[in-house]
Amino acid sequence: MSLPPVQSSLNVEFFRRGPAEVARGLLGCGVAHRVDGRWLGGWIVETEAYLAQDDPASHSSRGLTAGNASMFGAPGTLYVYPIHAKHCMNLVTEDSGIGSAVLIRAIEPVWGMEQMQQNRGTTNHRRITSGPGMICHAMQIQRDCDGVEVLRSNDWRLTLGRDLRARIITSPRVGIRHAAELPLRFFVDGNRYVSGLAGLHNRPRRDEIGPANAHGTAHL
DNA sequence: TTGCTGATACACT
DNA sequence: GTGTATCAGCAAA
């Protein structure tokens, strides 16, 4: 498979909903980025929602700045931010000026496998896109992608995928310091490409959350 | 035992 | 306010 399907593309109404709803809806959807005429991407298997208000973990909680301006853009806008010399990608939800978004944490790599393996420097499929930093590395998403409206760009493709609602697990978000208890992480049950508890800063106590999918609430 | 990852932390402008 | 590197813990070997 060299090209993502073009039928059933996501539209702006899909992203005009709340971030938690969009985060769950994105699971199973396809995302692809065209670089030098080559499509890179796969199926989304893990997401996290970041709210506009009452969410200290969200970048928008500090208000609009030059660095997070894209997070206040139109629904479907790409918000790419740097962290630990890497990047993470988010998709803006609700509406312009709101400041909510969905972080793409893991995808199942499908398109442009050879190029993504080369970018990542590994042929281990589970080490290509099983983390937000890895996704950006593999799909060549950098700061210059920040602010791109993916629904209008010819170099981006977002498509509907399988209906996975019955297989979606909800759990606390990973690797955040603030509001770590909110169940705003969503992932596909049993998918091998879902990231581990990679968050390292002040991770939630084990006795609180247990193994990633043992304490999760299916179909919240 | 080693390598890799990451909604943080801090120095600089 | 902005840009960018740390280091503790997980996964692989």
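Below, the figures for the structure above:
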| quantity | calculated |
| --- | --- |
| Residues that are open to solvent by 20 Å² or more (accessible area, probe 1.4 Å) and either of a type in the set (Gly, Ala, Ser) or in contact with a Pro (Cβ under 8 Å, 6 or more places away or on another chain) (or both), drawn from region A:15-25 | A:16, A:18, A:20, A:25 |
| Residue match in region A:115-122 (condition: β-branched (Val, Ile, Thr), in contact with an Asp or Glu (Cβ under 8 Å, 6 or more places away or on another chain) and within 16 Å of DNA strand C (Cβ to nearest atom)) | no |
| Only listed residue being in contact (Cβ under 8 Å) with a residue 12 or more places away in the chain and touching an Asp or Glu at 6+ places or on another chain (Cβ under 8 Å), chosen from A:49, A:74, A:57 | A:74 |
| Qualifying residue in region A:111-126 (condition: in contact with a strand residue (DSSP E or B) (Cβ under 7 Å, 6 or more places away or on another chain), more than 8 Å from DNA strand B (Cβ to nearest atom) and among the β-branched types (Val, Ile, Thr)) | no |
| Subset of region A:86-102 (residues that are more than 16 Å from DNA strand C (Cβ to nearest atom) and either surrounded by fewer than 24 Cβ atoms within 10 Å (Cβ to Cβ) or part of a loop (DSSP other than H, G, I, E, B) (or both)) | A:93, A:94, A:95, A:96, A:97, A:98, A:100 |
| Residue that is farthest from DNA strand B (Cβ to nearest atom), among those in region A:127-145 that are assigned to a helix (DSSP H, G or I) and of a type in the set (A, V, I, L, M, F, W, C) | A:145 |
| Condition broken by residue A:164, with the remaining ones in (1) farther than 20 Å from residue A:50 by Cβ; (2) modelled with pLDDT of 90 or more; (3) more than 10 Å from DNA strand B (Cβ to nearest atom); (4) open to solvent by less than 70 Å² (accessible area, probe 1.4 Å) satisfied | (2) |
| Residue among A:190, A:175 that is within 16 Å of DNA strand C (Cβ to nearest atom) and touching a Gly at 6+ places or on another chain (Cβ under 8 Å) | A:175 |
| Scope region A:50-82; condition open to solvent by 20 Å² or more (accessible area, probe 1.4 Å), of a type in the set (S, T, N, Q) and part of a loop (DSSP other than H, G, I, E, B); matching residues | A:53, A:65 |
| Any hit, region A:26-41, residues being within 20 Å of residue A:173 (Cα to Cα), open to solvent by 20 Å² or more (accessible area, probe 1.4 Å) and touching a residue at least 60 places away in the same chain (Cβ under 8 Å) | no |
| Pair list, Cβ under 8 Å, 6 or more apart: region A:83-103 residue on the phi < 0 side of the Ramachandran plot, other residue within 11 Å of DNA strand C (Cβ to nearest atom) and among the aromatic types (Phe, Trp, Tyr) | A:87/A:81; A:88/A:81; A:90/A:81 |
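The values are calculated or read from the model by the stated rules, or taken from the named source; none is laboratory data. These figures come from a predicted structure and were not determined experimentally. In this analysis, Cβ positions are derived from the backbone assuming ideal geometry, glycine residues included, and neighbour counts consider all displayed protein chains. Protein only, heavy atoms only, side chains kept; ligands, DNA and RNA dropped before computing areas. Shrake-Rupley method; radii C 1.70, N 1.55, O 1.52, S 1.80 Å.
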